[in-house]
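The values are calculated or read from the model by the stated rules, or taken from the named source; none is laboratory data. Just so it is clear, the model here is predicted, and its values are computed rather than measured. Neighbour counts run over all protein chains shown; Cβ positions are idealised from the backbone, glycine included. Areas reflect the complete protein model, heavy atoms only, side chains present, ligands, DNA and RNA absent. Shrake-Rupley method; radii C 1.70, N 1.55, O 1.52, S 1.80 Å.
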Amino acid sequence: MSLSDDDRSDDGRVLSEGEALRRMYRITADHERPFEERLGELLTLGRTYLGVEAGFLTEISDGTQVIVEASGDHEKLQAGESCPLSKAYCRKTVKRENALTVQHAALEGWERDAAYEEFGLESYIGTKVVVDGDVYGTFCFADSEPREREFSEDEETYVELMAEWVSYELFQRQATARIERQ
């Protein structure tokens with residue numbers, strides 16, 4: 001996805017909310033393309049819209065967080081990387097009904113937190129992914145730099161919508177696998 005100066009909004013976001021929603025819809029509605037390809041595009045789109053360096057989907061199992069898919073250059077936020085859930089921001093994300101947001105971690109009491117020490121993330125927005133009633137993992141965006149402004153309610157909703165799509169797709173994959181086994 002290439003961006004021009006016209007893609008930048010007055011508040012620093014690269015895409016307007018409307019354009020980000022239209023692009024998200026086009027990606028998720030393209031059933032001809034594999035889930036993994038669309039997921040990667042969503043993560044990149046989310047990074048662009050939110051103006052952050054990393055986007056990632058995690059799976060959480062037996063106290064461990066594994067990054068399933070990622071977009072961005074943060075060395076510890078890459079597909080296949082894992083860590084104990086106790087050292088991840090996601091441990092707090094999965095306990096919430098709505099998105100967890102952090103604008104400036106060092107100023108919000110995270111400076112001695114195991115997740116801050118492990119990843120060095122200053123800004124974070126993430127929400128849980130629930131599949132068939134169980135927490136699968138998290139869908140998150142983060143940056144090593146703090147944000148100049150808080151994540152807006154619209155941005156939270158945007159991340160939650162993407163996580164809902166991921167939840168639906170993972171549920172469909174599990175259901176299809178169960179049917180094929182029978």
Among the residues of region 64-84, is any assigned to a helix (DSSP H, G or I), surrounded by 15 or more Cβ atoms within 10 Å (Cβ to Cβ) and hydrophobic (A, V, I, L, M, F, W, C)? no
Which of the residues that make up region 88-107 are loosely packed, with under 15 Cβ neighbours inside 10 Å and either among the charged types (D, E, K, R) or under 13 Å from Val135 (Cβ atoms) (or both)? Lys95, Arg96, Glu97
Close pairs from region 167-182: first touching a residue at least 24 places away in the same chain (Cβ under 8 Å), partner open to solvent by 80 Å² or more (accessible area, probe 1.4 Å), Cβ under 7 Å, at least 6 apart: Phe171/Asp132; Gln174/Asp132
Scan of region 126-141 for residues that are in contact (Cβ under 8 Å) with a residue 24 or more places away in the chain and under 16 Å from Arg173 (Cα atoms), ordered by number: Val129, Val130, Val131, Asp132, Val135, Tyr136, Gly137
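Within region 53-63, can you find the residues that are in contact (Cβ under 8 Å) with a residue 40 or more places away in the chain and open to solvent by 10 Å² or more (accessible area, probe 1.4 Å)? Outline the logic, then answer.
Our first condition is that a residue be in contact (Cβ under 8 Å) with a residue 40 or more places away in the chain; within region 53-63, this holds for 53-60.
Residues satisfying the conditions are Glu53, Glu59, Ile60.
Quick grid of which residues meet (1) of a type in the set (A, V, I, L, M); (2) touching a Ser or Thr at 6+ places or on another chain (Cβ under 7 Å):
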{"residue": "Thr101", "(1), (2)": "no, no"}
{"residue": "Leu107", "(1), (2)": "yes, no"}
{"residue": "Ala114", "(1), (2)": "yes, yes"}
{"residue": "Thr127", "(1), (2)": "no, yes"}
{"residue": "Val131", "(1), (2)": "yes, yes"}
{"residue": "Phe139", "(1), (2)": "no, yes"}
{"residue": "Arg149", "(1), (2)": "no, no"}
{"residue": "Val159", "(1), (2)": "yes, yes"}
{"residue": "Ala163", "(1), (2)": "yes, yes"}
